[in-house]
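**Q** Please find one structure pasted underneath; my questions will follow.
The values are calculated or read from the model by the stated rules, or taken from the named source; none is laboratory data. These numbers come from a predicted model, not from an experiment. Please note: Cβ atoms are built from the backbone with ideal geometry, for glycine as well, and neighbour counts cover all protein chains shown.
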Amino acid sequence: MISSASAWPPPHAAPDSAVSTRLVVTQSDDILVLTLDSDDGYPRLERKILAELAQQMDRIARERGVVGAVITGTDRAFATGAEISELARLTPPEAFEFSRYGQSVMNAIANSPKPVVAAIRGYCMGGGLDLALACAARSASPDAVFAHTGGNLGIITGWGGTQRLPRLIGKSRAIEMLVTGRRCDAPEAIAIGLAQRIVPACELQVAGIALLRACLGDRR
C-alpha cells in the first residue's frame, strides 16, 4: 500500500506543456501494441492522443487480421492523465465537451468487439487509470502505482472511472480512492481485483499479449 501523502508528480516530472505524448503503434502477429510515449517518460492523455486511440479502436473493429490490442506506456508511467496545461485553457463548455469526448473514447475501448488489455508499469494516475479501467484486463509490473489524484485537487474524473472502479473493487474502496487520492501498489491492486497479474517489468509486453490471448481463450 502506498500513502496518499507521497509526492505527485515527482520533482523531476513537473508538468511541461512543451512535452508532447506520442502513440506508437506496432503489431505482434495479430495483436496491435499501442505504446504511450513521451520524452520525459510521463505520457499525458492529450486530446490528440485520445483521437489516435479512437482511430485505433476503429481499426481493431474493422480489420479481420487483428484480434485485439495491448496498451502500454513507458518505464516510468502507463499514463498520468490529461495534460493540465491543455485543460487550463478550456472554457467551462469546452471542458464539458472534452470530458464527454474522453468518455466516448473510453467507452469505445470498453465496448470493443475485440479485447483490449493494459500492460502497466509505473504511475497509472487519473485519466490514465480511467484508460486502464476501460480495458478488459490489466497486467502490472511490481512498481506499478494506481490512483485517482483529482480528489487532492478538488476535481473528480470525468472519463468513466467513477463507474468502472466500483464495479471492479467495490463501492467503499472506490470512494476512498476517488475522494482521498490514495494510491495502491501492484500487490494491493491484485488483492482488490484492480489488476489480474504481476509480472517482471522486462516481461510486461509479452505478459500483456498472453493475457489478451487468455481473454480470447487462445492457449498459444
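**Q** Can you work out which of the residues in the stretch 149-197 that are touching a residue at least 40 places away in the same chain (Cβ under 8 Å) and on the phi > 0 side of the Ramachandran plot is nearest to the chain's Cα centre (by Cα)?
**A** Among them, the one singled out is Gly160.
**Q** Is at least one residue of the stretch 135-147 at pLDDT 95 or above and in a helix (DSSP H, G or I)?
**A** No, the conditions are met nowhere in the stretch 135-147.
**Q** Among the numbered criteria (1) surrounded by 16 or more Cβ atoms within 10 Å (Cβ to Cβ); (2) at pLDDT below 95; (3) among the acidic types (Asp, Glu), which one does Asp130 miss?
**A** Single failed check for Asp130: (2).
**Q** Within the stretch 170-220, can you find the residues that are β-branched (Val, Ile, Thr), part of a helix (DSSP H, G or I) and closer than 21 Å to Gly73 by Cβ?
**A** Matches in the stretch 170-220: Ile190, Val206, Ile209.
**Q** Please name all residue pairs, on different chains or six or more residues apart, with Cβ atoms under 9 Å, provided the first residue is in the stretch 40-51 and is under 11 Å from Glu86 (Cβ atoms) and the second residue is of a type in the set (Lys, Arg) and surrounded by fewer than 24 Cβ atoms within 10 Å (Cβ to Cβ).
**A** These pairs meet every condition: Ile49/Arg22.
**Q** Considering each of Val117, Val179, Val145 in turn, give the residue that is crowded, with 21+ Cβ neighbours inside 10 Å, of a type in the set (A, V, I, L, M) and in contact with a helix residue (DSSP H, G or I) (Cβ under 7 Å, 6 or more places away or on another chain).
**A** Val117
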